[in-house]
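Reading through the structure tokens given below for one structure.
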Amino acid sequence: MSIRLENIAKHFGNTQALEPVNLDIYEGELVGLLGPSGSGKTTLLRIIAGLESADRTAQPSRIMFGERDVTQVHVRDRRIGFVFQHYALFRHMSVYDNVAFGLTVMPKKERPSNGEIRARVFRLLEMVQLEHLAKRYPAQLSGGQQQRVSLARALAVKPDVLLLDEPFGALDAKVRQDLRRWLRRLHSELNFTSVFVTHDQEEALELSDRVVVMSNGRIEQIDAPDTLYHSPKNRFVFEFLGDVNHLEGSVNNGVLTCGNAYLHVDLPDGPEELLLRPHEVRLAEQASDTCHLPVVVTAISPVGAEVRVELEADWLAKPWLATVRHADFERLAMKRGQHLFAHPRQWHRFEENTQSAARQTRTA
Amino acid sequence: MRRIGDAPAVKRLLVGAALVLSALFLLLPLVAIFAQAFSQGMAVFWANVSNYFTLHAIGLTLGVALLTIPICLVFGVALAWLVTRFSFPGRRILQTLIDIPFAVSPVVAGLIYLLLYGRNGWIGSWLDGHDIQLMFAWPGILMVTVFVTCPFVARELIPLMQAQGSREEEAAATLGARGWTTFWRITLPNIRWALLYGVILTNARAVGEFGAVSVVSGAIRGQTNTLPLHLEQLYQDYNAVGAFACAALLALIALLTLAAKASLEWRASRREALL
Amino acid sequence: MNQRALRLTGNTRVLPGFGLSMGISVLFISLVLLLPITGLFGQLAGLSLAQYWAIITEGRVVASYMVTIGAAAVAALINAVFGLLLAWVLVRYEFPGKRLLDALMDLPFALPTAVAGITLATLYAGNGWMGKLLEPLGFQVAYTWVGIALAMAFTSIPFVVRTVQPVLEDLPAEVDEAAMSLGATDAIAFRRVIMPHLWPALVTGTGLAFVRSLGEFGAIIFIAGNMPYETEITALMIFVKLQEYDYAGASAIASVVLFVSLALLLAINIWQGRFVRRLHGGKG
């Protein structure tokens with residue numbers, strides 16, 4: 001089932017939670033709504049669900065599920081599955097009763113027989129690997145288990161669309177990883193349309209077919225994860241998607257100067273700010289003719305496939321972060337207090353006027 | 001862990017003072033009620049209780065309480081649902097208004113009902129023309145009792161429902177549940193203990209109300225005399241044992257109320273410990 | 001899609017029952033709480049301002065204000081100290097009988113006021129258990145002003161205990177530890193660290209106890225003696241006027257009592273709201 005949003009806006013009191021938004025989600029897609037808190041992503045999700053209604057604006061707003069106009073349809077009749085941020089399990093009901101709830105409240109003539117309900121609930125519990133806990137109460141389950149019950153409960157009514165609000169937000173890192181993988185597999189098996197909200201860029205990039213990046217009630221960019229990462233449309237998206245190092249200074253005759261540091265750039269004169277990802281910073285023992293960026297190593301954390309190195313210097317307002325391969329790390333014999341030179345592999349700049357969102361990436 | 005006031009001497013002094021003062025101030029009156037009631041033996045107590053006028057007063061008191069409870073229950077649940085599940089202008093005013101009965105003197109509460117529904121009041125005179133008498137009859141007693149007790153259920157429910165939030169009801173809606181289904185199957189099970197406690201408090205107050213009832217009842221023996229009014233009459237007639245026999249019955253209801261409260265709280269704390 | 005769904009979502013609320021619960025609440029509050037108050041104003045409209053003033057400033061009535069306010073103030077002060085002690089003991093210490101003591105705190109709320117009234121009167125009368133001990137020492141409680149304050153204190157003690165107790169429970173142990181690690185003695189730590197947290201609740205609870213005492217009737221009339229100018233409370237004045245069928249007089253005095261108690265209730269609500277906001281960051 002595809003989802004189409006037309007001109008959806010929302011305000012609470014005097015604050016505009018959502019500026020008029022248009023969005024198309026295709027059948028079978030897994031879409032992530034990504035943004036910092038207050039960006040309007042949860043509001044948008046709740047409007048799709050029918051838990052909030054969009055403002056009545058001069059231009060009519062519409063929500064379509066496939067060919068069905070659901071704008072005026074109550075949440076209970078929209079045929080959606082909603083997974084709440086803190087699960088919202090019915091605490092006085094067993095796991096079994098939680099999952100069966102949606103089936104038992106169907107109107108009499110549509111309601112499956114008791115035997116059928118039982119069979120379907122156990123099939124779902126099996127799918128989420130919780131059939132042995134059917135008689136437990138929510139308070140007796142771990143966070144990850146509660147999350148899976150909440151998912152099974154949402155799927156029991158065979159929704160057209162599955163909506164998830166920060167589904168893994170309250171879980172610890174390891175459980176999160178497992179559940180993410182599991183959700184991805186479930187999605188490709190059952191092939192429903194899903195939308196989920198997250199503030200975690202890694203989660204959004206890993207799970208989604210497409211990511212909708214939001215800030216201040218606006219959609220900043222909609223793209224597949226790799227496109228998004230490699231060609232962010234504006235500075236907000238670039239900064240939100242990963243760690244960023246800033247190089248601020250002024251350009252004079254093709255040289256960007258900042259204290260005793262300088263870098264040759266092919267830019268017009270004037271104040272300038274360049275942005276670099278940690279993996280775009282190369283470290284060496286020497287400066288070059290075109291690049292003189294002296295730094296001191298202040299912290300080293302050899303975690304995972306790369307070593308994360310924190311760098312400071314007089315000319316830096318905020319420390320830089322560089323990721324170095326273990327081989328390079330050993331070759332340079334890096335230690336805290338060591339003096340090195342940074343060499344940008346490439347850098348990015350954005351025009352201040354985000355509306356035009358002019359963006360340049362140069363290889364240095 | 002060390003905390004302020006942990007020193008054994010301080011602790012002993014404070015606990016001792018609290019126990020002695022509570023015993024004198026709270027426990028002694030309780031003991032005195034039963035001591036007085038049984039001071040002339042079981043037989044006299046029983047004769048006082050099984051007296052026709054006492055039995056009639058008990059019947060009237062329980063009847064009024066039995067009618068008061070459902071009225072307060074419907075109002076309390078409706079108001080709590082309204083102020084905790086929706087936001088609308090005037091929400092805080094409604095919440096303040098329900099405290100009025102706590103602040104108004106019971107005598108004043110009785111008086112304002114008497115003025116409105118009594119023979120001289122603008123509703124009362126119209127009712128009088130149609131031969132309906134509310135004041136100095138059981139409907140009047142019921143009306144002031146409802147006035148005095150109406151905040152209890154709502155007061156118990158509002159903080160609880162506020163803390164629980166509406167996420168479970170929203171979840172039920174996304175699963176297709178209709179309004180009453182959601183209420184009976186999701187909301188009610190979550191608030192049932194608070195609801196029960198609200199009912200117990202309502203009952204305790206309804207049974208014991210004195211000031212407001214004494215203004216509107218007329219206190220006619222065998223007709224409009226509730227148990228607290230009957231007790232007053234016996235006391236004024238220098239039948240102290242009879243008065244304390246009634247007092248003992250009322251004190252018993254109070255003790256049951258306290259026991260119910262303690263056990264409900266114990267239940268809640270055990271459930272919290274489980275989570 | 002279907003007409004039914006369209007009609008159901010005519011408003012913007014997801015949860016059902018807004019209209020029904022609003023209807024019941026507004027109807028109930030109007031009929032039960034607000035409409036009767038109009039009866040009072042109807043009765044007062046029959047009085048000229050001079051008549052009204054004469055009634056509410058008559059010597060015996062003014063004396064009853066003094067007795068009521070004075071005794072209520074004394075009762076509230078006693079309860080502030082006693083209530084704080086009880087709340088502290090119940091929250092901070094473990095001792096045998098603690099749960100019983102905790103349950104006992106609600107007795108004055110659960111016990112009908114008339115029962116409390118005759119019991120206190122009997123206990124403190126000259127031949128009562130307490131009276132026998134106190135009168136030889138020269139303390140007369142029953143049928144005096146002291147008895148009124150005692151009855152008021154009895155009926156309103158739970159207000160202080162039950163308002164202070166949860167606040168004290170919410171105070172984390174780290175606060176104590178921080179104060180002591182900084183070298184404060186128990187007395188200083190209590191005064192400088194604990195009290196600033198407690199006193200908004202203590203004032204609220206004492207205020208509620210005071211309002212309750214101003215209106216109390218059943219518990220007092222038996223022990224008060226009800227001597228005009230001496231031990232007659234305002235609630236009884238209203239009652240006496242009613243028994244003389246002086247509805248106008250009763251209403252005039254009642255309007256003073258009603259106004260004062262509603263004003264105090266409002267003040268307490270505002271006061272409480274302000275502190276809740278200050279201590280819990282705006283979410284009043």
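The values are calculated or read from the model by the stated rules, or taken from the named source; none is laboratory data. Here the structure is a predicted model, which is why all the values come from computation and not from measurement. In this analysis, Cβ positions are derived from the backbone assuming ideal geometry, glycine residues included, and neighbour counts consider all displayed protein chains.
Scanning segment C:62-118 for residues that are of a type in the set (Ser, Thr, Tyr) and within 23 Å of C:Ala201 (Cβ to Cβ) turns up just one, C:Tyr93. Cβ-Cβ contacts under 7 Å between residues 6 or more apart (or on different chains), taken from a first residue in segment B:191-208 that is within 12 Å of B:Pro70 (Cα to Cα) to a second residue that is crowded, with 22+ Cβ neighbours inside 10 Å and of a type in the set (D, E, K, R), are listed as B:Gly198/B:Glu156. Considering the conditions (1) part of a helix (DSSP H, G or I); (2) in contact with a helix residue (DSSP H, G or I) (Cβ under 8 Å, 6 or more places away or on another chain); (3) surrounded by fewer than 23 Cβ atoms within 10 Å (Cβ to Cβ); (4) more than 8 Å from chain C (Cβ to nearest Cβ), B:Gln233 is excluded by exactly one of them, (2). Restricting C:Ile233, C:Ile194 to residues that are β-branched (Val, Ile, Thr), assigned by TED's automatic domain parsing to the domain that holds C:Gly59 and within 14 Å of B:Val107 (Cα to Cα) narrows the list to C:Ile233. Just one of the listed residues (C:Gly147, C:Gly131) is in the same structural domain as C:Pro166 (by TED's automatic domain parsing), surrounded by fewer than 21 Cβ atoms within 10 Å (Cβ to Cβ) and more than 17 Å from the chain's Cα centre (by Cα), namely C:Gly131.
Quick check: is even one residue across segment A:173-191 of a type outside the set (S, T, N, Q) and in a loop (DSSP other than H, G, I, E, B)? Among the residues of segment A:173-191, not one is of a type outside the set (S, T, N, Q) and in a loop (DSSP other than H, G, I, E, B), which makes the answer no.
Which of the residues belonging to segment B:1-48 are of a type in the set (D, E, K, R), within 20 Å of C:Phe82 (Cβ to Cβ) and at the interface with chain C (Cβ under 7 Å from one of its Cβ atoms)? Once the filter is applied, which keeps residues that are of a type in the set (D, E, K, R), within 20 Å of C:Phe82 (Cβ to Cβ) and at the interface with chain C (Cβ under 7 Å from one of its Cβ atoms), segment B:1-48 yields only B:Lys11. The helices (runs of 4 or more DSSP H) located wholly in segment A:29-127 that include 3 or more residues which are surrounded by fewer than 20 Cβ atoms within 10 Å (Cβ to Cβ) occupy A:114-127. Restricting attention to segment A:1-28, the residues that are surrounded by fewer than 17 Cβ atoms within 10 Å (Cβ to Cβ) and basic (Lys, Arg) add up to 1.
All of B:Ala259, B:Ala251 fail the test of being in contact (Cβ under 8 Å) with a residue 40 or more places away in the chain, under 19 Å from the mean Cα position of the chain (by Cα) and not in a loop (DSSP other than H, G, I, E, B), apart from B:Ala251.
The listed residues are A:Asp165, A:Asp226, and the only one of them that is outside the structural domain of A:Glu351 (by TED's automatic domain parsing), crowded, with 18+ Cβ neighbours inside 10 Å and of a type outside the set (Phe, Trp, Tyr) turns out to be A:Asp165. Among residues of segment A:93-111 being more than 33 Å from the chain's Cα centre (by Cα) and within 7 Å of chain B (Cβ to nearest Cβ), the one that is farthest from B:Trp184 (Cα to Cα) is A:Met106. Evaluated against (1) of a type outside the set (Lys, Arg); (2) modelled with pLDDT under 90; (3) assigned to a helix (DSSP H, G or I); (4) more than 21 Å from the chain's Cα centre (by Cα), B:Ala172 falls short on exactly one condition, (2).
Scanning segment B:75-90 for residues that are under 26 Å from the mean Cα position of the chain (by Cα) and within 7 Å of another protein chain (Cβ to nearest Cβ) gives B:Phe75, B:Ala78, B:Leu79, B:Trp81, B:Leu82, B:Arg85. Among the conditions (1) within 12 Å of another protein chain (Cβ to nearest Cβ); (2) without any contact (Cβ under 8 Å) to a residue 40 or more places away in the chain; (3) touching an Asp or Glu at 6+ places or on another chain (Cβ under 8 Å), C:Met130 misses just one, which is (3). Please verify whether C:Leu33 is without any contact (Cβ under 8 Å) to a residue 60 or more places away in the chain, in contact with a Gly (Cβ under 9 Å, 6 or more places away or on another chain), surrounded by 16 or more Cβ atoms within 10 Å (Cβ to Cβ) and not assigned by TED's automatic domain parsing to the domain that holds C:Lys241, treating the condition exactly as stated. No; evaluated as a whole, the condition is false for this residue. For A:Ala54, are the conditions met, namely being among the hydrophobic types (A, V, I, L, M, F, W, C) and in contact with a Leu (Cβ under 6 Å, 6 or more places away or on another chain)? No, not satisfied. Selection of segment B:62-91 for residues being hydroxyl-bearing (Ser, Thr, Tyr) and touching a helix residue (DSSP H, G or I) at 6+ places or on another chain (Cβ under 9 Å) yields B:Thr68, B:Thr84. Figure legend. Inter-residue proximity from segment B:108-126: first residues more than 7 Å from chain C (Cβ to nearest Cβ) and without any contact (Cβ under 8 Å) to a residue 60 or more places away in the chain, second residues surrounded by fewer than 23 Cβ atoms within 10 Å (Cβ to Cβ) and among the acidic types (Asp, Glu), beta-carbon distance below 8 Å, spacing 6+ or different chains. Indicated pairs: B:Arg119/B:Asp128.
Within the span defined as segment B:67-74, every residue fails to be in a loop (DSSP other than H, G, I, E, B) and at the interface with chain C (Cβ under 8 Å from one of its Cβ atoms). When each of C:Val61, C:Val14 is tested for being in the same structural domain as C:Phe210 (by TED's automatic domain parsing), surrounded by 15 or more Cβ atoms within 10 Å (Cβ to Cβ) and either farther than 25 Å from C:Thr206 by Cα or touching a strand residue (DSSP E or B) at 6+ places or on another chain (Cβ under 6 Å) (or both), the lone residue that passes is C:Val61. Scan segment B:191-200 and give yes if some residue there is under 30 Å from A:Arg46 (Cα atoms) and within 11 Å of another protein chain (Cβ to nearest Cβ), otherwise no. Within segment B:191-200, one or more residues are under 30 Å from A:Arg46 (Cα atoms) and within 11 Å of another protein chain (Cβ to nearest Cβ). Assessment of segment B:130-138 against the conditions (surrounded by 24 or more Cβ atoms within 10 Å (Cβ to Cβ), at pLDDT 90 or above and in a helix (DSSP H, G or I)) yields no matching residue.
Of the strands (runs of 3 or more DSSP E) lying entirely inside segment A:241-333, those containing at least 1 residues that are in contact with a helix residue (DSSP H, G or I) (Cβ under 9 Å, 6 or more places away or on another chain) are A:245-252, A:270-276, A:281-284, A:294-301, A:306-312, A:320-325.
Screening the candidates C:Leu150, C:Leu134 for the property of being part of a helix (DSSP H, G or I), out of contact with any Pro (no Cβ under 8 Å at 6 or more places or on another chain) and over 22 Å from B:Pro106 (Cβ atoms) yields one hit, C:Leu134. For C:Phe222, indicate whether it is of a type in the set (Phe, Trp, Tyr), more than 10 Å from chain B (Cβ to nearest Cβ) and in a helix (DSSP H, G or I). No: the conditions fail for C:Phe222.
Here C:Tyr143 meets the list (1) in a helix (DSSP H, G or I); (2) touching a residue at least 40 places away in the same chain (Cβ under 8 Å); (3) away from every other protein chain (no Cβ under 11 Å) almost entirely, failing just condition (1).
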